[in-house]
1. Whole-Hz Karplus ³J(HN,Hα) for the stretch 41-52, in order, using 6.51 cos²θ - 1.76 cosθ + 1.60 and θ = phi - 60°, x for Gly and Pro?
2. Using modelled backbone amide H atoms (1.01 Å from N, in-plane), which distant-in-sequence or interchain residues come within less than 5 Å of F52's amide H?
3. Just to confirm, what accessible area per residue do you get for the chain at 1.4 Å probe, in whole Å²?
4. Each label point is 7 Å from the Cα along the Cα-to-Cβ direction; what then is the distance between the points at A20 and E64, in nm?
5. Once every Cα of the stretch 13-70 carries one equal point scatterer and solvent is ignored, give the base-10 log of I(q)/I(0) from the Debye formula at q = 0.15, 0.25, 0.28 Å⁻¹, two decimals.
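The values are calculated or read from the model by the stated rules, or taken from the named source; none is laboratory data. Note that this is a predicted model, so its numbers are computed, not measured. Because the Cβ atoms are built from the backbone with ideal geometry, glycine has one as well, and the counts that use them run over all protein chains shown. Protein only, heavy atoms only, side chains kept; ligands, DNA and RNA dropped before computing areas. Shrake-Rupley method; radii C 1.70, N 1.55, O 1.52, S 1.80 Å.
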Amino acid sequence: GMISYAVIGTGKIVDTFLQAAAKTPELRLVGVYSRRIERAKEFGQKYGATRFYDSLEALAKDPEIQAVYI
């Protein structure tokens with residue numbers, strides 16, 4: 001089945017991971033966490049993310065998120 005996931009961070013390593021994960025049809029990026037919400041949106045929208053967080057607690061409580069890449 002499909003796994004809806006989020007990433008923590010917006011750096012080069014996460015960018016590289018997302019490029020590879022995009023080739024796996026079972027993975028669907030949903031959310032991005034950054035300390036700055038604007039950065040989460042700017043980064044995540046490139047990959048089709050629709051949920052953005054500047055609170056790890058909010059990310060952890062989101063029922064849409066099944067997995068998190070740290």
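1. Coupling constants for the stretch 41-52: 5, 4, 6, x, 5, 4, 10, x, 5, 10, 10, 9 Hz.
2. V32
3. Per residue, the chain has 64 Å² of solvent-accessible surface.
4. 2.6 nm
5. With no solvent term, the Cα-only Debye profile gives -0.40, -1.12, -1.34.
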